[in-house]
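The values are calculated or read from the model by the stated rules, or taken from the named source; none is laboratory data. What you are looking at is a predicted structure, and each value in this text was computed from that prediction instead of being measured. Neighbour counts run over all protein chains shown; Cβ positions are idealised from the backbone, glycine included. Quick note on the areas: whole protein, heavy atoms, side chains included, nothing else; ligands and nucleic acids left out. Shrake-Rupley method; radii C 1.70, N 1.55, O 1.52, S 1.80 Å.
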Amino acid sequence: MDITDCTAGLLAIGEPTHFEPAFARIRNELFARLAEHGFRSIALETDRVAALDGGFSHGFGELDANQQLLAWLREYNETADEPLTCHGFDAPTEMFSAPSPRTYLEHARDYLGLEVDIATLTGDDERWSRAEAILDPAASPGASPEARELRVIADDLLTALDARVETASRRARIHAAAGLDLLRYHAASARPGDQETRIARLAGARAVIMARNLLDIHASEPGRTLVFAHNSHLGSGAGEIVASRLGGRYAFVVGSLGHSEALGLGEPAADTYEGVLQRGTDTWRLTAEIPAGRTRDDADRRYAPLTRELLERADAVLHVA
């Protein structure tokens, strides 16, 4: 399969784990190829605001392949007629914490030159960012009168920025949108419910944020975009939302893994989806043939094996032997 034949505006390549470095290395290789065939940007599973300045969230900045990607982009753009851009499309949240919206909203406020006291309404940033604010609804500031007032302010900031036509306003708009998204996320964390319900609610809120960011990137980029993230985001969640909006302009390549020393993952059973793909694969390959088989049962929580549901949503498979 020649990936450069893909005509989708958003080409999403998934990985089944964040702990096998081969996927990010292959991503870099594929993006270098795609850059010669109309792709002008790459969007990664990292905080969108942090990515504006070449940064990473979730500890992804420490990965060699991400550092190599940024170095290659800088070198490419030194002589390119059409420079390439790198986006994040995730929310600025961690697994069990989400920051205060203050700095994001103040950035937008300062750009607009307004006099709005955001710091008094947010109060101490730590009361937002501590784990209890996400894990315990009673400890969350997300449903407070101040949070509701901040959401009105954030909406007003976005409206004012939408009226601007200068290119520089886009950075401020991304900050304002992140601030509003954080207020929505904190509001979701403040709603009561059992642990399973609350985790699903927060995952859903994150999926909506990621989808909205991807759609915004797609609408603003002059060329096509390679998207790289975990299968769980691209094959369902955010990917499912984006696919419903873009149809054939969104293509999903599901990531598959045979064995991995980094994970301590052994060879897959021959009748699993990964086992079928393993046959005939020396290092890695892309294929549009969706395998028959069963879900493997020898993986731990660090590796999400292929499922029938994921494969039914995929346009192709990237299998790493």
Positive-end extreme of charge dipole, the chain - chosen from Thr295, Pro145, Thr120 (charges on Cβ):
Pro145
Of the listed values (i) 17.2; (ii) 15.0; (iii) 21.9, identify the label whose number matches mean projected area of the Cα convex hull in nm² calculated from this model.
(i)
Give the relative contact order (percent, whole number) for the stretch 1-148; include only Cα pairs under 8 Å separated by 6+ residues.
19
Tell me, what ³J(HN,Hα) does each residue in the stretch 80-91 have, in order and in whole Hz, if you take phi through Karplus 6.51 cos²θ - 1.76 cosθ + 1.60 with θ = phi - 60° and put x for Gly and Pro?
7, 5, 10, x, 9, 10, 10, 10, x, 10, 9, 7
Each residue of the stretch 201-207 in order: what ³J(HN,Hα) in whole Hz does its phi give by Karplus 6.51 cos²θ - 1.76 cosθ + 1.60, θ = phi - 60°, with x for Gly and Pro?
5, 5, 4, x, 4, 5, 4
Among DSSP beta bridges lying fully in the chain, give the percent that are antiparallel, nearest 5.
20
For the chain, whose charge dipole is built from +1 on Lys and Arg Cβ atoms and -1 on Asp and Glu Cβ atoms, the candidate among His259, Leu277, Ala207 with its Cα farthest towards the positive end is Ala207
How tilted is helix 22-34 with respect to the longest principal axis of the chain? Cα atoms for both, answer in degrees (0 to 90, nearest 10).
90
Over the heavy atoms of Thr103, what accessible area does a 1.4 Å probe trace out, to the nearest 10 Å²?
70
Got the relative contact order for the stretch 40-113 handy, in percent, Cα pairs under 8 Å and 6 or more residues apart?
44
Quick calc: nm separation of the 7 Å Cα→Cβ label points for Arg171 and Ala143 -> 3.9
Under 5 Å from the placed amide H of Thr46, counting only residues 5+ away or on other chains, we find Phe89, Asp90
Given an 8 Å cut-off on Cα distances and at least 6 residues of separation, report the relative contact order of the chain as a percent.
26
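Leaving ligands, DNA and RNA out of it, report the carbon-plus-sulfur percent of the accessible area of the stretch 144-246 at a 1.4 Å probe.
Solvent-exposed carbon and sulfur of the stretch 144-246 make up 54 percent of the total.
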Please calculate how many Å² of accessible area the stretch 151-262 carries per residue, with a 1.4 Å probe and no DNA, RNA or ligand atoms counted.
43
What dipole magnitude, in Debye to the nearest 20, does the chain give about its Cα centre under +1 on Lys/Arg Cβ and -1 on Asp/Glu Cβ?
680
In units of 2.2 N^0.38 Å, what is the alpha-carbon radius of gyration of the stretch 82-169?
1.26
Computed from the beta carbon distance with a Förster radius of 22 Å, FRET efficiency for Arg164 and Glu82 to the nearest 0.05 stands at 0.35
